[in-house]
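Here the structure comes first, spelled out in structure tokens, and everything after it is commentary.
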Amino acid sequence: MSAPTAMRVVSGIQPTGGLHLGNLLGAILRWVRMQDEAECLFFLADLHAITVDVEPAALRSNVREMAAALIASGIDPARSVLFAQSAVPAHAELAWLLQCTARVGWLNRMTQFKEKSGKSREGASVGLYTYPVLQAADILLYRATHVPVGEDQKQHIELARDIAVKFNTDFDVELFVPPEPFIGGGAAARVMSLRDGSAKMSKSDPSDMSRINLTDSDDVIAQKIRKARTDADPLPEDPALLEPRAEAKNLVGIYAAVTGETPQDVLGRFAGQGFGALKPALADALIGLLAPLRTRLEELRGDPAELDRILAADSGRAAELGAPLIVDAYRAVGLSR
Ligand code: TYM
């Protein structure tokens, strides 16, 4: 296989819970823009979702719901390949081959395993531990050149690079393309919780007030922003002065990411004023972004058969795109398939 010359974008999202603003700004809205520039494959990482407690009935409906949320956000199945990871067996097959390339010491350094397993490391699933190797397989199977993700995934993409280079070296092949993490700037890289500026916005946070969900009504969005934690100081002119003010920095960053401005532009309008001025404007900007996506999501939910049709058709396409590589990977290690 020769090295691809074109840009190929691959990224995934776990179908657990709904989409939140962190996912949207950190990944999904950037995926949407990349559809104009490159061949794109986007998938629901349902094999990753079973590394923690599984509720089979919920998982099935979450896959469909997340597919609808991605399409509502602008992922266009006519231009991008949109599928469920579990529907393309080559992901799991390649993950096994790569587990024999990745080193235990490399996985021991993964901070997300430490965070997710917490105090019960001995009781965590083996899948949660080897999760980043499956993620490497997702990326390397399609010879992705760019992987648009939020900052929390950077270490996993770097691991995929290390695995690609070691496999190529060990077996003296040019099979895998070491991928680049493609991380947004400003708040888009890491949207923080509305309740705690030191924690990232996350679907696993027990407080729903910590995040803005794609499904939140306009009133709920306004209320969450009104109640977002802040400090009592007025906003400065210089963005550098926001550094020690995590919550203030987060709100200014979200505002800038939503309106496509820089934090400097936002501060240019609000410097000297308090959050009583910024918060209503931010709530309006968020409602302007999210309300049309929410309406579209509601429409898409009305036609589950169409969602299933899209996912089935695109998984076939993804399987075709991954087929040559999985054959070559088996051959490289001395097996045939
Ligand atoms: P997941 O499902 O946790 O998140 C999906 C995407 O949203 C980004 N993100 C954020 N970005 C900015 N601020 C936040 N607060 C925030 N929260 C989430 C994530 O960085 C991610 O880009 N392991 C991955 C899914 C995955 C994957 C892959 C990604 C599986 N295989 C291959 C890329 C390539 C995950 O759990 O993302």
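The values are calculated or read from the model by the stated rules, or taken from the named source; none is laboratory data. None of these values were measured; they are calculated from a predicted model. Cβ: placed from backbone, ideal geometry, glycine included. Neighbour counts: every protein chain shown. Just so you know, the surface numbers come from the protein's heavy atoms only, side chains and all, with ligands and any DNA or RNA stripped out. Shrake-Rupley method; radii C 1.70, N 1.55, O 1.52, S 1.80 Å.
Comparing mean-square fluctuations of 103, 317, 190 from a GNM of the chain with C-alpha springs under 10 Å, the top value falls on 103. The simple spin-label model puts a point 7 Å past each Cα toward its Cβ; for residue 227 and residue 291 those points are separated by 2.2 nm. Inter-label distance, residue 6 to residue 151: 3.4 nm, where each label sits 7 Å from its Cα along the C-beta direction. The figure for residue 176 is an accessible area of roughly 10 square angstrom, using a 1.4 Å probe on the protein chains alone.
At the residue level, residue 91 shows approximately 0 square angstrom of accessible surface with a 1.4 angstrom probe and all protein chains present. Per-residue extension of 0.36 nm, minus the Cα-Cα distance of residue 331 and residue 117, leaves a gain of 73.5 nm for this segment. Taking amide hydrogens as placed 1.01 Å from N in the peptide plane, the amide H of residue 200 sits under 5 Å from those of 193, each at least 5 positions away in sequence or on another chain. D for segment 149-215, whole µm²/s, Stokes-Einstein with Kirkwood Rh over alpha-carbon pairs at 4 °C and 1.567 mPa s: what number? So the translational diffusion coefficient is about 91 µm²/s.
Using a 1.4 Å probe on the protein heavy atoms, what percent of the accessible area of segment 41-180 belongs to carbon and sulfur? Its accessible area is 53 percent carbon and sulfur atoms.
Each residue of segment 230-243 was assigned a 3J(HN,Hα) from its phi angle through the Karplus curve 6.51 cos²θ - 1.76 cosθ + 1.60 (θ = phi - 60°); the sequence is 9, 10, 8, 7, x, 6, x, 7, 9, x, 4, 6, 7, 3 Hz, with glycine and proline shown as x. Neighbours of residue 287, meaning other residues whose beta-carbon lies under 10 angstrom from its beta-carbon, give a summed charge of -3 when Lys and Arg score +1 and Asp and Glu score -1. Measuring nothing but how far apart in sequence close Cα pairs (under 8 Å, 6+ apart) lie, relative to its length, segment 208-299 scores a relative contact order of 36 percent. Summarising the amide proton neighbourhood of residue 19: residues at separation of 5 or more, or on other chains, whose placed amide H is nearer than 5 Å comprise 214. Shown in residue order for segment 19-32 are the 3J(HN,Hα) couplings computed by the Karplus curve 6.51 cos²θ - 1.76 cosθ + 1.60 at θ = phi - 60°: 6, 10, 4, x, 4, 5, 6, x, 9, 4, 5, 6, 4, 4 Hz (x for Gly and Pro).
With both labels modelled 7 Å from their Cα along Cα-to-Cβ, the residue 298 to residue 162 distance reads 4.8 nm. Computed over the chain, relative contact order equals 23 percent, with contacts defined as Cα pairs under 8 Å that lie 6+ residues apart. Accessible surface for segment 108-265, divided over its residues, is 47 Å² per residue with a 1.4 Å probe.
Evaluate E = 1/(1 + (r/R0)^6) for residue 208 and residue 108, where r is the Cβ-Cβ distance and R0 equals 35 Å; express this FRET efficiency to the nearest 0.05. The formula returns an efficiency of 0.55 here.
The lysines within cross-link reach of residue 119, meaning a Cα-to-Cα straight distance under 23 Å and a gap of 8 or more places when in the same chain, are 200, 203. Excluding same-chain neighbours fewer than eight residues apart, the aspartates and glutamates reachable from residue 227 by a Cα-Cα span under 16 Å are 196, 208, 216, 218, 219, 247, 284.
Using θ = phi - 60° in the Karplus curve 6.51 cos²θ - 1.76 cosθ + 1.60, the 3J(HN,Hα) couplings for segment 42-51 round to 10, 9, 8, 7, 6, 6, 5, 5, 8, 6 Hz; x is entered for Gly and Pro.
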